[in-house]
Amino acid sequence: MTDDLLEDAERRFEDACRAAHLSEDTKERMRRPETSLKVSIPVRMDDGTLQTFAGYRVRYDSTRGPAKGGVRFHPSVSAAEVTTLAFWMTFKTAVMDLPFGGGKGGVAVDPKQLSAAELERLARGYTAAIADVIGPDLDVPAPDVATNEMVMGWMAHEYAKIERSHQPAVLTGKPLALGGIPGRSTATSDGAFHVIKQLQERVLSGIDSPTAAIQGFGNAGAQLATLLDDAGWRVIAVGDSAVTIHDADGLDIDVVRKHKDETGSLADCPVGEELDRDAVLTVEVDALIPAALEGAIHADNARDIRARVIFEVANGPVTADADGLLDEAGIEIVPDILTNAGGVTVSWFEWCQNRQGDRWTLETVKRRLEERMVTETTFIADLASDREIPLRTAAYVHALERLTAAIDATGTSDTFGVQVR
Ligand code: GLU
């Protein structure tokens, strides 16, 4: 599965290379990650036993700046998954013109099985294990699937202890009290909402109150449901790892979110009809919004999708095989490296804030995020129209042009990126 993920990423890269004017150097450099670290993290469990967990940190490319990308805690985390996600981050930061490269990390663990104290020991152990390859000018982690502000707080504190100095810019998505920035926890959904608004006329023209189905009801999915609901959309289905909740007239999102917050699941929700977990992907809807994990829409279920457009809020939710089938069916895809780039964009603001020793206001964060999202979305939509290419290819071409300009500007020597200490 995860090897397929890497192959998929390479196929899309090849597609984009054909559409972009690329130097051979860029293609060759993007074939492999700069560094790839696998660590083993011993954790003392509450019952006194010792358990070891596998952790990873991959810096895919740092030509445009320090690597940037999240850390996920999930049982599916593997070297191949983290490498693919780091590859995608390289394009995401380039799409948004952030002064970063791409990285990613994770620990293979089911965090729901750990107590808070065990999770803290794991986060601290992971930080100590990767401390040599992260840093404000080297590689800057952030939250991702099943990691949050609290995990970032533990990691930042552990790193400061190791370095024996405050280094708030070593990672982003921290709690406000430790140098975090207002608006970071809603940044992914805020960014996605700007992309949706900007493209609504192009992909859903003439529909007054579009319908949406959202797969994944975590941080990004739940907040986006509220934003769409407030903007007059009808969110008719939402799904999590347990069930789908459906109501063709539109769900009461406040009730659904309250239920999810209180019980941790969408199961037994007081509103809507309960359907099986994957039903959320195949309801008839204007916009399908996968906001969970990679590979949700694949060759076996792509023909069942009954949406006009897919906004990829998760990283890599549509496989390369499914791309072709959806294209044949006339379903437009708004790619992840644009749609979910709000998170890393506000991470950049946080990194700037920390390096300036400053405090940004929520108003500044929101205004600058909107500016960045609108600028890059408009550019990519125009490029897609002018060149008659899919939005995904346009986003990759746009990113590759920035990446190749940086790679070519580094000259022809064979040294590659920043060397690890
Ligand atoms: N995990 C988020 C992503 O996949 C944010 C990364 C970051 O802020 O560095 O884009």
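Just so it is clear, none of the values below were taken in a lab; they were calculated from the coordinates. None of the values given here were measured: they were computed from a predicted structure. Backbone-built Cβ (ideal geometry, glycine too); neighbour counts: all protein chains shown.
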### Query
Do any trypsin sites (Lys or Arg not before Pro) in region 159-211 lie in a loop, going by DSSP, with at most 15 other beta-carbon atoms within 10 Å of their beta carbon, and if so which?
R164
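Per residue of the chain, what 222 nm ellipticity follows from adding -39500 (n - 2.57) for every DSSP H run with n ≥ 4, rounded to the nearest 500?
Working: 13 runs with 184 residues, N = 421.
The helix-only estimate for the chain comes to -14000 deg cm²/dmol at 222 nm.
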### 10 Å-binned pair-distance histogram of region 217-300 (Cα, whole percent)
18, 58, 22, 1
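Which value in Å is the Kirkwood Rh of the chain over different Cα pairs? Could the numbers behind the result be given before it?
On the way: mean 1/r = 0.0462 Å⁻¹.
Evaluated on the chain, it is 21.7 Å.
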#### Entry: At least 20 Å along the helix axis (C-alpha) and Kyte average at least 0.5, DSSP helices within the chain
79-95
### Task
Collect residues whose amide H, placed 1.01 Å from N in the peptide plane, falls under 5 Å from the amide H of L275; neighbours closer than 5 in sequence don't count.
T244, I245, H246
### Message
Place a point 7 Å from the Cα of S76 along the Cα-to-Cβ direction; which residues of region 322-342 have their backbone N under 17 Å from it?
### Response
322-323, 336-337
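Starting from the Cα-Cα distance between E10 and S209, subtract it from 0.36 nm times their residue separation and give me the gain in nm to one decimal.
On the way: separation 199, 0.36 × 199 = 71.64 nm, distance 3.77 nm.
Value of the extension gain: 67.9 nm.
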### Task
Go from 0 up to the bin containing the longest alpha carbon distance in region 93-168, width 10 Å each, and give me the % of pairs per bin.
17, 50, 27, 6
### Task
Holding the Cα-Cα limit at 26 Å, pick out from K92/K174; K92/K366; K38/K260; K112/K197 the pairs that are longer than that.
K38/K260; K112/K197
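Which trypsin sites (Lys or Arg not before Pro) in region 18-92 sit in a loop by DSSP (not H, G, I, E or B) and have at most 10 other Cβ atoms within 10 Å of their own Cβ? Write out the running numbers ahead of the final one.
Working: sites: R18, K27, R29, R31, K38, R44, R57, R59, R64, K68, R72, K92; in loops: R31, R64.
Filter output for region 18-92: R31.
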### Query
Relative to the present Cα-Cα distance, how much length would full extension add between K197 and D247 at 0.36 nm per residue of separation?
15.7 nm
### Task
Enumerate the calculated ³J(HN,Hα) couplings along region 266-272 in order (Karplus 6.51 cos²θ - 1.76 cosθ + 1.60, θ = phi - 60°), each rounded to whole Hz, writing x wherever the residue is Gly or Pro.
8, 4, 6, 5, x, 10, x
